[in-house]
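Structure first, then comments.
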Amino acid sequence: QTMATTTMTARAVHSCPSSPPSSISSRLCRSRALAVQNRQRRASSSPRTLLVHALSSSSSPPVEDHGDAVEVDVDELKLLKEEKLERAGKYRAKVAGTETPEWTYARVVERRDLLPKLREVVLEVETSRELVSLRNSYCAVGKVAQVKVKGGDPVILTPSCTPFPPEEQHEALLRLRGDLRAGQTKLPEDPVTVKRKLSVLVTPEDGEVFDTQAEDEGIDEGNLSVEVGPFLGNGINLRGAIQSVYNYPTVILCAEGKGIGTAKAMIEAGMSRGSLDLCYREDVRLYYKVPNDDSVCYGNLFENWEKEFGVKTIVHTSSFLDAFDDDDTLEYEPDLTAVISLGDEEAEQSAQEMCEEAEIKLHIKSSVEQQAMLYADTGRVV
């Protein structure tokens, strides 16, 4: 290394003019020689250069095997990494609602008699994403609720309200992500609660929930009689071409029995989650099949549905085909019309007969669910 430095210095000196150098030339030559020496010194002191010299020098002793030392270093690194992850655990974003109980208490707000044997029970339920995961929430029209009273067996009920709006989860999702506002410190805090009203249709066959009474606001949670569990199903398959208001400007809803509750949820959804933007369609009809004129639910809402959402309701005591034939004001193109049946299997068959007679190709059944969503169970996605 010393010889190489001397040679480089000599070359630098010989490159100068042979005539007596001026002061500027001599300083330039000396600076070049010093720069070469500095580069040599830095290169010789780097770990990679030292390692090459150590391996290539024949006079150096053989390099010892440090295999055991390397293994110890790896273990130490793993331990340090685990400690770091453990310290950072409380700051890491959580998957929403996966570590909370699936059943939450709900307060009975009121109950309304729609028919002699049909009631609408309104519950105040918890919807915060910190406490209820997305997979267990009411996030699509057609999902059904699980309710149990005083720890009894759960019953499945049809919601008659729109799915819970995701916009109200902003504060809860910020908390899950671990975000901080200006001036806020990272301290343990109670979960963010987001209360929403859930209305469900109940009959005497549903057991004790039919006889529940309204409960006072502010009552202790442990004294509430009703619990709400995970919502079941994936919702009606309303994805695909039906979403386009231009492909299907005409939509016919066929509802029977408790299907009127699902129709109400779909109509009042407007432009929110799970909606079909019915107010932007050219013509939307609701054929409501009932046993008799005294069996009509939500009759007081029909006028508002037509005024606010553009849905005209036609009540009929016969089949959907008869309602279609008697509807003289309907003008439609079969390829531009979609039918959605809401009710049991008999209602779907009756709607299918109407589609075949009217040559309508698209028939969406409430029993056909949309494709299941994939939910995150681990990771930083909320």
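Things to note:
- Residues of region 99-138 that turn out to be touching a Lys or Arg at 6+ places or on another chain (Cβ under 7 Å), open to solvent by less than 20 Å² (accessible area, probe 1.4 Å) and outside any strand (DSSP E or B), as a count: 1
- Qualifying residues in region 146-190 (those that are small (Gly, Ala, Ser) and part of a loop (DSSP other than H, G, I, E, B)) - the one surrounded by the most Cβ atoms within 10 Å (Cβ to Cβ): Ser160
- Note on region 175-218: residues that are over 29 Å from Ser367 (Cα atoms) and either charged (D, E, K, R) or touching a helix residue (DSSP H, G or I) at 6+ places or on another chain (Cβ under 6 Å) (or both) total 14.
- Tallying residues that are of a type in the set (Ser, Thr, Tyr) and buried (at least 18 other Cβ atoms within 10 Å of the Cβ) within region 296-318 yields 2.
- In region 219-245, of all residues being in contact with a helix residue (DSSP H, G or I) (Cβ under 9 Å, 6 or more places away or on another chain) and in a loop (DSSP other than H, G, I, E, B), the one that is farthest from Met354 (Cα to Cα) corresponds to Ser225.
- Selection count, region 191-218, where residues are within 20 Å of Ile156 (Cα to Cα), part of a loop (DSSP other than H, G, I, E, B) and open to solvent by less than 40 Å² (accessible area, probe 1.4 Å): 2
- Gly270 fulfils the conditions (1) modelled with pLDDT of 95 or more; (2) open to solvent by less than 20 Å² (accessible area, probe 1.4 Å); (3) closer than 21 Å to Lys365 by Cα except for a single criterion, (1).
- Counting only helices (runs of 4 or more DSSP H) that fall entirely inside region 253-366 and contain at least 2 residues that are more than 32 Å from the chain's Cα centre (by Cα), the qualifying elements are 302-309, 320-326, 345-358.
The values are calculated or read from the model by the stated rules, or taken from the named source; none is laboratory data. These numbers were taken from a predicted model, which means no experiment stands behind them. Note: ideal-geometry Cβ built from the backbone for every residue, glycine included; neighbour counts use all protein chains shown. SASA here: full protein model, heavy atoms, side chains in, ligands and nucleic acids out. Shrake-Rupley method; radii C 1.70, N 1.55, O 1.52, S 1.80 Å.
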